[in-house]
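One structure is given here, and the rest of the page talks about it.
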Amino acid sequence: MHVTRDGHRPLKIDPSSPSEVDIQALEKSTGLDRGQCYGLVAALTREYAMIQGPPGTGKSHVGVQFVRVLLDHKVKASLGPIIVISCYTNHALDQFLKHLKAIGIDKIIRIGGQSRDEELAGNNLRVVSRWETSTRLEGRVLAEKYQERESCFRYSEAIMSTLHSTRKDYLSPNSLLPFLTQYHPRIAAQFKLKDEEGFLLVGKSPIEVWLGGFEYEQGPHNDRASRSIEELRLAAETNVYEIAPRQRRTLAEAWHSEMAEEMSGQLFEFLDQARACQQRIKGVHSDVDRRTLLKADVVGVTTSGLARNIETLRGIRSKVIICEEAGEVKEPDILSALMPGVEHFIQIGDHRQLRPQIQNYLKFSLETRIGQAYQLDRSQFERRAVGEPGLGPLPVAQLNVQRRMRPEISNLIRSVYPGLKDHPSVHNYPDVVGMRHNLFWLDHDQPEESGSDGAPVRSHSNHWEVSMSVALVRHLVRQGEYSPEDIALLTPYTGQLQNLKAALSKDFEVFLSDRDLETLALEGIDMRTSTTANRVEANNNISKVGFLRTENRINVLLSRAKHGMYLIGNTKTYLHIPMWADVFRQLDDVKAVGQAFELSCPRHPDTPIHCENPADFIRLSPKGGCALICDQRLEPCGHRCPAPCHSKALHDAFSCLQPCPRFRDTCQHPCQKLCGETCGPCHVQMRDFLLPCGHKLEQIECYRTLNLATVHCHRPVKKTVRDCEHTVTVDCSTNVADEGFRCPTKCDHTFPCGHGCVGTCGKCRKVGDGGVVSYAHQECRKVCKRAFRTCTHTCSKTCHEGRDCGLCERQCEEARVDLLEFKPYSEIDLSDSPIVVLTCGHFFTGETLDGMIGMNDVYSTGKAGEYYGLQDLSGAFSGRIPACPDCRVPIQQYSTRRYNRVVNKAVIDETVKRFLVHGRQRLQNFQKRFNESEKALVSSRDKLKAAVAVAVPNRYTDLANLHNETGELKKDMTAEHQPTKKLFDAILTFERNRKKGKEKGKGKDTLEQVMGDLSIEGPSELPQPVYNQQVTLEAGLLQLKVKEAILRDKFTLFAQLNNGQILSLAEHSAKQVIPFLVTCKTLVTQSSEAKLPRLAIQATLLFAQMTQLESWFRYKCPSPKDGIEITPAMVSMTGRRNATIQNRQEAAKKLLEEALALCDSFDGGVDFRSEVEQTLRLFEGPRYEEVTPEEIAAIKSAMIRGRGGIATHSGHWYNCENGHPFAIGECGMPMEEARCPDCDARIGGQHHRMVGGVSRATDME
């Protein structure tokens, strides 16, 4: 015996002398208890053995050890596979097989596909048999039978289709004619498709013609002729056309009945043949399965699987069969398991628990009066263990030490098992966490639900009990000690089971046993999920117990729990049942019966918690503890837990909701998450981050800056690809020298068809060995679009260069040529409405094209629509390019001379647009550069100070270059370079050359020369073109802005350093003001003449700003000279040689008044009005207003508030000699002299002494 523990010698048992076995030595060597040792000895020494044990006594463990012993002697005893049978539930069988695998028995095969255990998935017969090789004969038989079966199915479907169609139209000639050809050929031969004269019959079939001579309704016809069917058939074989019309219908119905009978016979023959093929296929698979099972040590199967695979199992000739849960197996299932060759049969079970399940419980169960005569739910195990009249009981090995239930629970079933003992391990079970009692019966009087109007219901349910059970389950799970898999919820009724499953599924995954799933499926309920809770009872006012009235079921109910059990139900309903009365007595003695669950808070055990209703759980124990606030601090932060009292598991899982106080090692940004969350990488957005390439990212997350190798610069830059030398615009981070880079430049190859390659340089260009360059262009997949020779359509096929397009396959309709009246070509009078054919192939009337293309835009028309003159084309651009109304293909120049003037105007307008757009784009780039440079000047001004003289020459390099480039743009956009000017010059040159050639030529003029001389206007009256000056003038305005920025920066710097070091520089800069103003005045005039008021206003504002700037600079840096000598150009502006600053201010004021008037002359002028008005006020001189007390208070507050205020150093207020207030900070005493900004009087003083006339302003202090 090889079930002994390590360190103990093997034991031997003689099956013929079981009484000689030393049970004590066996118990010591194997670790089994005494009852298990007796059971093992009984199983090894009896051919027919029974082992019975209460719940938790280790019945399956004894069976596993028995299998282990037998397998150690399998070869010696030639046992073959051991078959393990279980009741129809798959769970019990799977558990037994898993126990075998746990001790190292791996050659296990599980029959049946209902197992849901993933651990046994690889042991299923369907999986294992795939590795068993079929013989060559088996393979050939399978192929033949599969093919034959499919052929039978096809023929059967064809016959069924024919029968189905004939049932709808039973006189269908399409079905009768083939039937007559096969079974009545002499009659079928008379239904020919050709008559005697050789004419072919078309339309109806011959049988339809034969039947058509008589009007009849569809359906069976009972009006029979006097002649019998046999007589009609004989007459038809002679001449079918001699039969009377009414008798023809009778004969056709007889043919249909005969055909249906014949086809039905054929259908059943094919089905029988297919069934035989299926049986042969199943037999081959059965042989393969049998060979597979013979290689196994253990074969597991349920009683249902045994019935389905009985022939295969008989073929393995097994000697040993073990029946698990034998008390739940019907006796017929046991008898079917006793197959030929079985020598050893062991049943393991407990007949004091559940009995076999039968369909008709009331009629055949031994628990009913009628069923006593049949007792179909009495297992063979129970019958042989208990015995019956005339047949005594067989010996049964009894197990009596339970290892499942705590003693308080096992005491409840000792009336069933008087000799039951508790293993020492069950005395050490911990108390149920969160509950005052480990065992408790909740007594209530809540009634169960009934049908509407008192109607009976199929199954009992009680929604109050459901709510109470779900609340209890939630409470236990919240303790953190029990998972949902540790809790079982039992109920005797399917209605209650359905409600419990629905309620628990909201929070848990619910698992149901196979038997429960099958029961619910029979009642039309499909539930296939997993997990659960506690025990539920029902309550009614008639004390009807129902399912739980028998001892077997009560025993099963009370023996499932391990650590704790809680009953919910009305005790009055069950007290008349003896076993329930005993349970109530035991629980009542220990005060474990009541109307409220007593919960226990593990943190506050002295807090009483009584829950009488489901809502009490939420109110008194919201988180599984009590209603007090948790008094523990969170780990590891140490913050106080804000939640109600809860279990340690929930406390450990609780995340602190305080702001995170931690700082990362990688940066100084505070963590933006909650304290309980992992900080993770820093996601703070950093702006204007400088990359190694020199570009700036507008924003980037902080953590990404730690590894710049993963940060890609997406700034578009131009790079040159090394291989093809193409300049491409790619992301800055893209390495064009990388081997994997493919040049995205569009391939410039042109196919012979005229289409361009749609690929790219990187895809088409290949570099081979030795640097040899080759090209592999993609096949042209564009639409051909070549015009057909026979119509105006174009080829719509994929490009097929080298092959003819063929004929046009489109439906050619009559052309619609008049789009005004929608007339086709056939309705057009060509003498009245001539047709114009376009190059695309479409043609229209002249009136249609004239209106749609826009002839009225270039020619003057009379009242009758005739053209009599040319329109002035110097206005707005053309709105569209003339195109075909149908295909929108542009009308080409000189393709239709009638529209040359329209087409030419559109072409030149498009050219001018592109010229102006290009210039404007360059100007926009210059404006952007100017804004950046001006911003840089202002930001760097404070850094210069004493280094002005050195820094000034190089400070304006960028602006000077911008000024020069803008001048180049201005030059490029002048009238001499505009397309209109070039065209005008070309026309004049052509006219001049034509006249010279005419004077030198001899002979008569040709027709073309004569027609060329004809014109509506003479050559001398050619209108001068109008040139667009907007870009040119805007470029001039930008140059002035550049100069203004430079002068403003210089004057500001010079004013800060008012000393002799910069005197020469200041004088030189001041001389540039007058030329600037002259240019401004000129630009204002030119903009006004060009009707560009926006530019005129902007130039005027520049003029005024420069005048104010010069005045301010002269005030800050007074020159020893009276004025600056002006150039002759200033004469035109002021009217005299010596202009002063005041004269220039008057000129600026006048220009501003004119600009103010221009603001009302165009849309958007209101945007400039406020700026012009504000600038104009600067030239109106000083304004004085009385200071209000509120303003004085605000001034005082502002002067003394904040860091650096007068209050910080005790400053003082003073009045100048004219009464204007001023303040001195620091100590409040003067250290330098200055001028009053209001009256220019002397203020301040030297060495803490005031100048004359200054007095203290006590009212300001």
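The values are calculated or read from the model by the stated rules, or taken from the named source; none is laboratory data. If you're wondering where the values come from, they're calculated on a predicted model, not measured in any experiment. Positions of Cβ are backbone-derived with ideal geometry, glycine not excepted, and every protein chain shown enters the neighbour counts. Note: areas computed on protein heavy atoms with side chains; ligands, DNA, RNA excluded. Shrake-Rupley method; radii C 1.70, N 1.55, O 1.52, S 1.80 Å.
Structure notes:
- Here the simple spin-label model places points 7 Å from the Cα toward Cβ, and for Arg1242 and Gln372 these points are separated by 14.3 nm.
- Full extension of the chain segment joining Leu338 with Lys192 gains 45.5 nm, where the gain is 0.36 nm per residue of separation less the Cα-Cα distance.
- Whole-Hz ³J(HN,Hα) from phi, Karplus 6.51 cos²θ - 1.76 cosθ + 1.60, for the range 816-825, glycine and proline x: 9, 10, 10, 8, 7, 10, 6, 9, x, 4
- Geometric descriptor of the range 580-683, per residue, is 136 Å³ (volume of the convex hull of the Cα atoms).
- Rg(Cα)/(2.2 N^0.38 Å) for the range 462-506, N = residue count: 1.13
- The orientation-averaged shadow of the Cα convex hull for the range 406-447, equal to a quarter of the hull surface, comes to 4.6 nm².
- Pairwise FRET efficiency - Ala883 versus Thr750, Cβ, R0 = 35 Å, nearest 0.05: 0.90
- Taking N as its residue count, the alpha carbon Rg of the range 538-639 over 2.2 N^0.38 Å: 1.46
- Remark: spin-label model distance Ser205-Asn124 equals 5.0 nm, labels positioned 7 Å along the Cα→Cβ axis.
- Potential lengthening between Gln279 and Asn964 on full extension [0.36 nm per residue; Cα-Cα distance subtracted]: 236.5 nm
- Base-10 log of normalised Debye intensity for the range 704-855 (one unit scatterer per alpha-carbon) at q = 0.11, 0.13 Å⁻¹: -0.72, -0.81
- Taken over the range 670-715, the percentage of Cα pairs per 5 Å bin, counting from 0 up to the bin with the maximum distance, is 5, 20, 28, 19, 12, 9, 5, 2.
- Efficiency of FRET between Asp738 and Asn900 - r from beta-carbon atoms, R0 51 angstrom, step 0.05: 0.40
- FRET efficiency estimate (nearest 0.05) - Cβ-Cβ, Leu1178 to Asp857, R0 51 angstrom: 0.55
- Of Thr1258, Thr980, the order by accessible heavy-atom surface (1.4 Å probe, DNA, RNA and ligands excluded), from most exposed downward, is Thr1258, Thr980.
- The Cα-based radius of gyration of the range 308-366, divided by its Kirkwood radius, gives an Rg/Rh of 1.04.
- Projected label points at His423 and Thr4, each 7 Å from Cα along the beta carbon direction, are separated by 2.3 nanometres.
- Accessible area (Å², 1.4 Å probe, nearest 10) - Val556: 30 Å²
- Extension gain, His164 to Lys995, is 289.5 nm, computed as 0.36 nm per intervening residue step minus the present C-alpha separation.
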